[in-house]
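Let me begin by presenting the structure, written as structure tokens, before commenting on it.
The values are calculated or read from the model by the stated rules, or taken from the named source; none is laboratory data. Values in this document were obtained by computation on a predicted structure and should not be read as measured data. Cβ placement follows ideal geometry from the backbone for every residue including glycine, while neighbour counts extend to all protein chains displayed.
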């Protein structure tokens, strides 16, 4: 395929993805589609600002073959085709990986490795020589339908997981992604959540999670916890839509953290929701929160999950940042255990303010690596980290001592929208 054909393919893919996301989010306006050369200029700017070389990778699963197209900050577009990985061959392996990662009976096994390694050989290996040549640090995937809920961090080359090599991100379209860059260190966090629900399972670790994130929040008075970021935290009855709007109107929080149930379900956008204390907010109403009035750089959803096997729910997850009107969203492909979520979130916020970590995707990567390497584990009723420990709530205090290194605990967390 000649370079011009690759650029034409990129334009076609971008146009298709923009139309799909706009349809699901019911937005009528469409951006002017930018060229691959423009994307390269933006990637070069980001590299200069962050010290990270980012590569955009389009993954197109066609009936006859898998097509991979990569845009690096400099040079020609990179193209590879994989005839063995046509759609019929690819989809069952992707589903098998998810099944093995999330099956509780497989939690102490490496049953996921066969499919994780096969997918690596199909999706990453054909591009790897070029990724190494350009010095790639961050891979930003724009996935075809059926692949948008792939836990890309868990792909494995036989020696390492993909997350051990690169920071990772998921976008619906680069045309729908805010590619500006501004460090988050020093920002304020608005953290809200619920531990009790009328018709859903409780999330007992949420008070500790919020207290761990926000300094001085005192949501667990009998257990003093030193928070990480400046800001405010609200729990249960104070976690309402009205209070969220009021707090955002009174202070310009660049980070909003919601520790609650949220689901991306099949069908119309209103079928997907975020659970507040007193109501569910449908995905179709997210923009009513006015995120663009005071731009939010990062929205974090813990305890969320996305449905599998439906194109609209997949696109709802991949396009969530666009639909929410925020720059980046950290969310999960499946419901992770309370202690696993608590550990990931505590570590992520620590890394996000650490000197030398320039992007959100890299902060997430470092948190995932800490879990993979056994640096976070449950022991004697506490979540033990490298820098100390966090007491688990009574409901989880009798949890068996264990590491959180299995990819079930960390590979589902995904940076959606801008990884920068």
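Values for this structure:
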{"read-out": "Identity of the residue in region 151-162, assigned to a loop (DSSP other than H, G, I, E, B) and crowded, with 23+ Cβ neighbours inside 10 Å, that ends up nearest to the chain's Cα centre (by Cα)", "value": "151"}
{"read-out": "Residue 202 vs. criteria without any contact (Cβ under 8 Å) to a residue 12 or more places away in the chain, surrounded by fewer than 16 Cβ atoms within 10 Å (Cβ to Cβ), farther than 21 Å from residue 296 by Cα and out of contact with any strand residue (DSSP E or B) (no Cβ under 9 Å at 6 or more places or on another chain)", "value": "no"}
{"read-out": "Filter result (in a loop (DSSP other than H, G, I, E, B) and crowded, with 17+ Cβ neighbours inside 10 Å) within region 35-52", "value": "52"}
{"read-out": "Residue under evaluation residue 336, criteria (1) touching a strand residue (DSSP E or B) at 6+ places or on another chain (Cβ under 9 Å); (2) surrounded by fewer than 23 Cβ atoms within 10 Å (Cβ to Cβ); (3) touching a residue at least 40 places away in the same chain (Cβ under 8 Å); (4) within 26 Å of residue 169 (Cα to Cα), criterion not met", "value": "(2)"}
{"read-out": "Pick from region 395-406, criterion out of contact with any strand residue (DSSP E or B) (no Cβ under 7 Å at 6 or more places or on another chain) and touching a residue at least 24 places away in the same chain (Cβ under 8 Å), ranking: nearest to residue 155 (Cα to Cα)", "value": "406"}
{"read-out": "Residue among 127, 119, 123 that alone is touching a residue at least 24 places away in the same chain (Cβ under 8 Å), closer than 27 Å to residue 176 by Cβ and in contact with a helix residue (DSSP H, G or I) (Cβ under 7 Å, 6 or more places away or on another chain)", "value": "119"}
{"read-out": "Meets criteria (crowded, with 21+ Cβ neighbours inside 10 Å and over 18 Å from residue 151 (Cα atoms)) for residue 322", "value": "yes"}
{"read-out": "Unique residue being closer than 23 Å to residue 151 by Cβ and touching a residue at least 12 places away in the same chain (Cβ under 8 Å) when the list is 62, 42, 77", "value": "62"}
{"read-out": "Flag for residue 328 being modelled with pLDDT under 95, more than 21 Å from residue 206 (Cβ to Cβ) and either surrounded by 24 or more Cβ atoms within 10 Å (Cβ to Cβ) or within 20 Å of the chain's Cα centre (by Cα) (or both)", "value": "yes"}
{"read-out": "Answer residue from region 58-88, given it is under 25 Å from residue 183 (Cβ atoms) and at pLDDT 95 or above and is surrounded by the fewest Cβ atoms within 10 Å (Cβ to Cβ) among those", "value": "73"}
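For (1) farther than 20 Å from residue 296 by Cβ; (2) under 15 Å from the mean Cα position of the chain (by Cα); (3) surrounded by fewer than 21 Cβ atoms within 10 Å (Cβ to Cβ); (4) at pLDDT 90 or above, each residue gets a yes or a no:
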residue: 346; (1), (2), (3), (4): yes, no, no, yes
residue: 349; (1), (2), (3), (4): no, yes, no, yes
residue: 352; (1), (2), (3), (4): no, yes, no, yes
residue: 360; (1), (2), (3), (4): no, yes, no, yes
residue: 371; (1), (2), (3), (4): yes, no, no, yes
residue: 374; (1), (2), (3), (4): yes, no, yes, yes
residue: 382; (1), (2), (3), (4): yes, no, yes, no
residue: 385; (1), (2), (3), (4): yes, no, yes, no
residue: 389; (1), (2), (3), (4): yes, no, yes, no
